[in-house]
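The values are calculated or read from the model by the stated rules, or taken from the named source; none is laboratory data. In this text, all values refer to a predicted model and were calculated from it rather than measured experimentally. A quick note on method: Cβ atoms are made from the backbone with ideal geometry, for glycine too, and the neighbour counts reach across all protein chains shown. To get the accessible areas, we keep the full protein, side chains included, count just its heavy atoms, and leave off ligands, DNA and RNA. Shrake-Rupley method; radii C 1.70, N 1.55, O 1.52, S 1.80 Å.
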There are 2 protein chains.
Amino acid sequence: MWKKLGNRKKSVVSEKKKEVLESLGKLGLKIYSQLNNGHFPSIQMPSRSTENIYYNPEVRQFILGDKRVRRSARNIRHIRPFTQLVWTALFSSELTSQRKTSTLRDVYYSAQAYEMKFKDQQESNNIITDLETVLGLSREDFSIFPEERSAVFGDLTIEYTVPGYEGRTLNLTSHPDGVMIGPALTSSEFVETTADKVIAIEKGGLFTRFVEENVHKKFNAILVLTAGQAPRATRHFIRRLNKELELPAFIFTDGDPWGMHIAMVVISGSANAAHLRDLTTPDAKWSGVWASDIVNYKLPTDPLEDVDIKRLHELKRDPRYKNKLWQREIKTFLDIRRKAEQEAFSRYGLTYIVDEYLPAKLEETS
Amino acid sequence: MWKKLGNRKKSVVSEKKKEVLESLGKLGLKIYSQLNNGHFPSIQMPSRSTENIYYNPEVRQFILGDKRVRRSARNIRHIRPFTQLVWTALFSSELTSQRKTSTLRDVYYSAQAYEMKFKDQQESNNIITDLETVLGLSREDFSIFPEERSAVFGDLTIEYTVPGYEGRTLNLTSHPDGVMIGPALTSSEFVETTADKVIAIEKGGLFTRFVEENVHKKFNAILVLTAGQAPRATRHFIRRLNKELELPAFIFTDGDPWGMHIAMVVISGSANAAHLRDLTTPDAKWSGVWASDIVNYKLPTDPLEDVDIKRLHELKRDPRYKNKLWQREIKTFLDIRRKAEQEAFSRYGLTYIVDEYLPAKLEETS
């Protein structure tokens, strides 16, 4: 099955970029017209304080409630963060329209080129999150990217939109070590694919094993390496594969509370990102390694440590973990008091995980 | 200048693979013939104990001295590590001839498929290092790779040797987020390049900036991201660029003792790898951020912490740091008591580092 994506789908990224520049422009115009009318400029945004963060079972992620905060240049204590926010919007607009990218750290230092002051990087990070909240867009949309890079491999052809590469395409099987998910890949359009699913994997060694064993062909899959906790750009990328290409997504992690939570953050996001919408894949499935897999497959294990057990009790109360599967697996972990790594399947030979475990679990969680 | 590499150069990797399989075969034959002659089999190798590790100024790295250890099946205390070593050699030979790859962790679990026991992963890691020492080859040579991945970008065409990709080529400018340095890239042959230097960079954000600002074109450079401390595969890759292509290498890190040491490990390796030869690039230059750059460029800084100062005093006594430049920079750090990150140049605008700092430092360290 060769799926060629229509033109409607192809313009997702350029539409987004237009939206970003329009939002930034609107914000600037609003401030300008307030000033023009002789008013102190002010900005309103949803509050991100803990008591305004709720889990919403319908959208299956944390969201912000109705409380709003107002920053006004009239208030002497607001002048500093207000000015910082406006500068950050200016800088983001410059980055985006010049098609350059930056990082959180870089924004902090760049401020000095404009004689804008931040006490420390924490302060500038906070203001960038404020701008996300005001615009309802994530910082990657306005060209501020994380340092971390994960990877993807599989039959998907993308078309670049970054300067110097516009219109050039790349098939994501072209490099068997995996294609890095950085600003260029994140901002590319999807052109065509034969894949019918996405398989996300926590560990680099296993990702390479899957490529070597042709999992992408045998299972018609696009393979995504999360490299531990998935960077936000990678979570957004998995969401795009799921929404734009309508591919179901399956997530394989270590069999411990930290692996579980890597899957959960891909699925339902984090409380820190309650002000954002485009980072979650609520229909993605955690396919393993479950606590019950540890039992059923008689895997080599390590004992749970105190910190693991404490974490399991936290997850048990977490609204994202409410459904039956998660509760059952948390309970099983607490019963067996053991954990196992993905590589543990190698006890049955290097390809057992691909030949036996993977097809069984894909079927079980489909 | 378009440099097409001759056939002599092109077979570097396949020669290496032949050497690895021959070495493993020879080891097996030796043990077999000892058994055949009615002797308890034994293996000799250089000792890796601290008192047998010396810095050698000629090869400009740590090396092992003349002390040797002997593992004999006659000695009851040796039987376990001897058997583990032989199994590891068998497993490595299987991996290499089947052209699969593995990781340290995977080897640990795989042992169980052969009813071979390791107490913990530390024990199996040690045995893998024993095998490196016996063969004088690094574990990547016999198909055991690290999890971490860094990246490369620039005009170099490589030819894959991994199964399914044999003979296929890739130009390393084909993905602007950088091409991952994993098993497939590491085992590829170099075909052609127009580059005349290598620039290694510590941080992902800056690597992306360099790509966006066309540093590879403006400076005819192959850009390598070390992503913090360079993984061994990346150190080996930089060495190959330097030795096979005869490209000078320049390393840019943060301006602090940890950044310095990232450069030093690329240049002169570590004491842990004293039994290996192919991981260093002794002619590579640390081009910045120097302590004196912090002064000359008036960079935004943070104070050195106690742990930084302690580290500087250690480096001061380290034989790898003996030459004038390193000693001068250590002294300057201790005088100014400040450190600076690579991104600090953004205080002069996003492209200052590329337009001003980079050309000045390349000239200074050429």
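Can you find a residue that is within 26 Å of B:Glu132 (Cβ to Cβ) and touching a residue at least 12 places away in the same chain (Cβ under 8 Å) anywhere in region B:195-217?
Yes, that holds for at least one residue.
If you go through region A:108-157 one residue at a time, how many are open to solvent by 40 Å² or more (accessible area, probe 1.4 Å), free of Cβ contacts under 8 Å to residues at least 40 places away in the same chain and acidic (Asp, Glu)?
2
Run A:Pro183 past the list (1) at the interface with chain B (Cβ under 10 Å from one of its Cβ atoms); (2) within 30 Å of A:Phe82 (Cα to Cα); (3) open to solvent by 20 Å² or more (accessible area, probe 1.4 Å); (4) not polar (S, T, N, Q) and report the number of the one that doesn't hold.
Unmet for A:Pro183, out of (1) at the interface with chain B (Cβ under 10 Å from one of its Cβ atoms); (2) within 30 Å of A:Phe82 (Cα to Cα); (3) open to solvent by 20 Å² or more (accessible area, probe 1.4 Å); (4) not polar (S, T, N, Q): (3).
Out of region A:209-227, which residues are open to solvent by less than 10 Å² (accessible area, probe 1.4 Å), assigned to a helix (DSSP H, G or I) and not hydrophobic (A, V, I, L, M, F, W, C)?
Correct list: A:Arg209 only.
Is there a residue in region B:295-317 that is part of a strand (DSSP E or B), more than 29 Å from the chain's Cα centre (by Cα) and either within 14 Å of another protein chain (Cβ to nearest Cβ) or crowded, with 20+ Cβ neighbours inside 10 Å (or both)?
yes
Within region A:333-359, can you find the residues that are of a type in the set (Val, Ile, Thr), in a helix (DSSP H, G or I) and either at pLDDT below 95 or crowded, with 19+ Cβ neighbours inside 10 Å (or both)?
Result: A:Ile353, A:Val354.
Name, by its number, the condition in (1) aliphatic (A, V, I, L, M); (2) surrounded by fewer than 24 Cβ atoms within 10 Å (Cβ to Cβ); (3) touching a helix residue (DSSP H, G or I) at 6+ places or on another chain (Cβ under 9 Å) that does not hold for B:Ile262.
With respect to (1) aliphatic (A, V, I, L, M); (2) surrounded by fewer than 24 Cβ atoms within 10 Å (Cβ to Cβ); (3) touching a helix residue (DSSP H, G or I) at 6+ places or on another chain (Cβ under 9 Å), B:Ile262 is out only on (3).
Filter region B:233-261 down to the residues that are within 14 Å of chain A (Cβ to nearest Cβ) and closer than 24 Å to B:Phe142 by Cα, then identify the one that is modelled with the lowest pLDDT.
B:Ala233
Going by the conditions given, is B:Ile336 within 14 Å of chain A (Cβ to nearest Cβ), of a type in the set (A, V, I, L, M) and more than 26 Å from the chain's Cα centre (by Cα)?
no
I need a count of the residues in region A:186-204 that are open to solvent by 20 Å² or more (accessible area, probe 1.4 Å), charged (D, E, K, R) and in contact with an Asp or Glu (Cβ under 8 Å, 6 or more places away or on another chain).
2
Report, by residue number, each residue of region B:126-174 that is among the aliphatic types (A, V, I, L, M) and either more than 8 Å from chain A (Cβ to nearest Cβ) or under 26 Å from B:Gly25 (Cβ atoms) (or both).
Listed by number, the residues that qualify are B:Ile127, B:Ile128, B:Leu131, B:Val134, B:Leu135, B:Leu137, B:Ile144, B:Val152, B:Leu156, B:Ile158, B:Val162, B:Leu172.
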